[in-house]
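Worksheet: the structure to be examined is printed underneath.
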Amino acid sequence: MASTKIINVLKDDKFEEILDLFRNAPAKEVIFVLPKTSRAFKNEEHFIILENEAGKLGKKVSLLCSSSDINKLAKKYKFDVLLAKNDEAEAKEATFERSERSNNPRARRGEQSPHDGRRMTEDENEPEPEQEVSATMYHEDENDEYQVVTISKTKRGLEGIVKQDGIPLKIVTNRERPVTLDVKKKPVYQPIDEIKNVWKEQSERIRTPSENIWTGINNRTKKSFRNFPRKSLIGLGVISVVLLGIIIYVSTGSAKIDITPKKQPLDIQLKVFASDRFSFVDAGLNKIPGQLFNVEKNATQTFPTTGEKEVAQKARGKITVFNEYGTTPQVLIATTRFQTSDGLIFRTLKGITVPGTKVENGKIIPGSISVEVIADKPGQLYNITASKFGIPAFNEHGDAGRYEKIYGKSDEAMKGGAIGKANVVTEVDFNTAKQTLSDQVTKDVGNSLKTQTSGLKVVNSSAVKLKEPESTAKIDEAADSFMMAVSGSIKTVGFKEDDLKGLIKQYIDKTQNLTAIPEKLTISYDNIAFDEASNTLSFAVNIKGNGYAKIDSDKIKTDLAGKNEQDIKNYLQGTAGIESAKVLLSPFWVKRIPQDKERTKLNIQY
């Protein structure tokens, strides 16, 4: 594994690309060479991300850039900053010289160089020649493959590059000039000339051996072609062109075939069953899976009365009858009298049985039942507030126990008692109130069902069942206003339209031997019914439109492979189920359908 990798960053390189190079770098130390304005390192968040990646991968990061802002951020996140000698390295030259001495035999022996006044041996009349060193720049091409370029330069040419703390950049010396160049692909990130400019900004020059290698190759190639006979060159060129033409002629070419199949009109009725008990589409029994929905809504409103007439009307209302006498139920016949403390008599409109007492959690709970009562006589006198009622018949028979323990109570006032001219509920008043509340309930049920069945098809969303209205006053009854309540509900099954379309397609294929395109069919529903016992929705699907003859695309492509224009025409005209066809061969010189079926595209146009 290499110890150091240099990544040269262009001005417009994206940070994500640079980060991928850093992650895939085999070296433990990575040096980024940056232009003064780098988009990839402009954002401080990128330094945070790079710091986290370096920590996870155990890699050391160094930056070489002339931008003071970038260098400040690099120092902030504890990255090494490589600086040119003319910046900060002058102040730290002593550190570099100590490193030079440790690698210089003359310095270790105490000898001096004629250039710096240090001692040297008597037979050394010339300064020590510059040693050639090499560094490796890594690029990555468009196919994510590494390109390795070995760059040679004298040691003295790189000595001005130092790290932030004054420690010189580690340079590996080579006594011989590198002559190898391993280039897999064309460079993507930065050409050699731009690399030279980066180092030139630091007052240094880099000479790459690759330039000399390519120069030599070009020179040798030119000499070879000069020595090659001209007629042979022309002949070679002609042969190359002919071969290229043959390759293009054989390897290129495609076909596009558009086929319109014959159509046949459809007019079909299909009975379908949908239920939450079905788990899959059953084409044999025409069943599709569904989801059960049960929605109920009610509406209440007070309406004014508009009629007026002479009346002699009895007040009426509801009371609750309690039985505290014993566990035995008490039977009360219709017209049983209930009397207030003021002596006003109300009678039940039907016979009732009041349940006996029961014990719950150690407490005796009286039995109770509600019943409608009507005043014994007409008049406003009986329009009383909520009251307690006794049953005088028990008292008259001397059954004091039952008289005290079986009684009635009302929670609301008795209403409707009148004698003389009074406001009454007309038929128009009653029917208008009923229609208003019915419309409101139907709308509320539909909206709720639509919300619950989102994404599913419901064929009977308007089939809302309405109950008879409950009103505090009936037609021709005296009242200044009346309150009416209407409730409605729907119970149905929703299903996926795709399931129904698939069933229709299978049915037409099985019964008509035709291909159906559900989107091109007209579909309607009738005879809709819901079975409460099995929670199953049944309905008839009316299908109108066109079915199409079946086309075997693979067989046609296989049969037409290699055929010329006349054979293609004869084949398509003789194939059953084809109404019309259009064939396009390209390029213009292609006269046959390609043998390779992958190069033939067949479209069926319905």
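Every read-out reported here was derived from the displayed coordinates using simple, explicitly stated rules and does not represent laboratory data. The model shown is predicted, which means the values in this text are computed figures rather than measured ones. Neighbour counts are summed over all protein chains in view; Cβ atoms, including those assigned to glycine, are modelled from backbone coordinates with ideal geometry.
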Notebook entry, point to check: Under a plain spin-label model, where a point goes 7 Å from the Cα along Cα-to-Cβ, how far apart in nm are residue 282 and residue 66?
Noted result: 8.3 nm
Check: So how far apart, in nm, are the two label points at residue 506 and residue 23 if each is 7 Å from Cα heading toward Cβ?
Finding: 4.6 nm
Check: Label residue 309 and residue 397 with points 7 Å out from Cα along Cα→Cβ: what is the distance between them in nm?
Finding: 4.1 nm
Notebook entry, point to check: Can you pick out the pairs among 377/415; 5/59; 465/496; 314/467 whose Cα atoms lie more than 21 Å from each other?
Noted result: 465/496; 314/467
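Treat the count of other C-beta atoms within 10 Å as a stand-in for reagent exposure and order 300, 357, 451 from fewest to most.
Values: 300 13, 357 16, 451 9.
Ascending number of Cβ neighbours within 10 Å: 451, 300, 357.
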Checklist line | Greater than 22 Å apart at Cα, pairs in 271/457; 262/457; 358/405 | finding: 262/457
Notebook entry, point to check: Net charge near residue 345, counting Lys/Arg +1 and Asp/Glu -1 over other residues with Cβ under 9 Å of its Cβ?
Noted result: +2
Item checked: Amide hydrogen neighbours beyond the local backbone of residue 307, cut-off 5 Å, H modeled -> 424, 426
Notebook entry, point to check: Quick one: Karplus J couplings for the stretch 341-357, per residue in order, coefficients 6.51, -1.76, 1.60, θ = phi - 60°, nearest Hz, x for Gly and Pro?
Noted result: 5, 8, x, 7, 9, 10, 10, 6, 8, 8, x, 9, 10, 8, x, x, 6
Margin query: Under the rule of at least 5 residues apart or a separate chain, name every residue whose amide H is placed under 5 Å from the amide H of residue 336.
Written below: 348
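So, counting K/R as plus one and D/E as minus one, what does the shell of residues with Cβ under 12 Å around residue 306 add up to? Each step should come with its number before you reach the end.
Values: positive: 309; negative: 308, 427, 429, 480.
Taking every other residue near residue 306 into account, the sum is -3.
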Check: Suppose R0 equals 56 Å; then what is the FRET efficiency for residue 12 and residue 383 from their Cβ-Cβ distance, rounded to the nearest 0.05?
Finding: 0.05
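Taking a 20 Å limit on the Cα-Cα distance, which of the listed pairs 11/76; 287/443; 256/597; 544/601; 318/443; 421/474 fall beyond it?
Checking Cα-Cα distances, 11/76; 287/443; 544/601; 318/443 exceed 20 Å.
Please compute the length gained on full extension between residue 498 and residue 603, using 0.36 nm multiplied by the number of residues separating them and subtracting their Cα-Cα distance. Can you show the working numbers first?
Working: separation 105, 0.36 × 105 = 37.80 nm, distance 2.34 nm.
Fully extending the segment from residue 498 to residue 603 adds 35.5 nm.
Once R0 is set to 35 Å, what does the formula 1/(1 + (r/R0)^6) return for the Cβ-Cβ distance between residue 421 and residue 335, expressed as a FRET efficiency to the nearest 0.05?
Values: r = 29 Å, r/R0 = 0.84.
E(calc), rounded to 0.05, equals 0.75.
Extension gain residue 439-residue 258, at 0.36 nm per residue separation less the Cα-Cα distance, in nm?
Values: separation 181, 0.36 × 181 = 65.16 nm, distance 5.40 nm.
Extending this stretch completely gives an extra 59.8 nm.
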Note to self: Let's see if you can work this out: charge +1 on each Lys and Arg Cβ, -1 on each Asp and Glu Cβ, no other charges. What is the dipole magnitude of the stretch 491-596 about its Cα centre, in debye to the nearest 20?
What the structure shows: 440 debye
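Once you have the Cα-Cα distance between residue 267 and residue 57, take 0.36 nm times their residue separation minus that, and quote the gain in nm to one decimal. Write out the running numbers ahead of the final one.
On the way: separation 210, 0.36 × 210 = 75.60 nm, distance 7.05 nm.
This chain segment gains 68.6 nm when fully extended.
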Next item on the list: Treat the count of other C-beta atoms within 10 Å as a stand-in for reagent exposure and order 407, 571 from fewest to most.
Entry: 571, 407
Note to self: Can you list residues from other chains, or at least 5 along the same chain, whose modelled amide H is less than 5 Å from the amide H of residue 563?
What the structure shows: 593
Check: How big is the gap, in Å, between the Cα center of the stretch 478-499 and the Cα center of the stretch 374-393?
Finding: 36 Å
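If the viscosity is 0.692 mPa s and the temperature 37 °C, what translational diffusion coefficient in µm²/s does Stokes-Einstein give for the stretch 306-424 when Rh comes from Kirkwood over Cα pairs? If you can, show how the numbers build up before the last one.
Details: Rh = 15.1 Å.
The estimated diffusion coefficient comes to 217 µm²/s.
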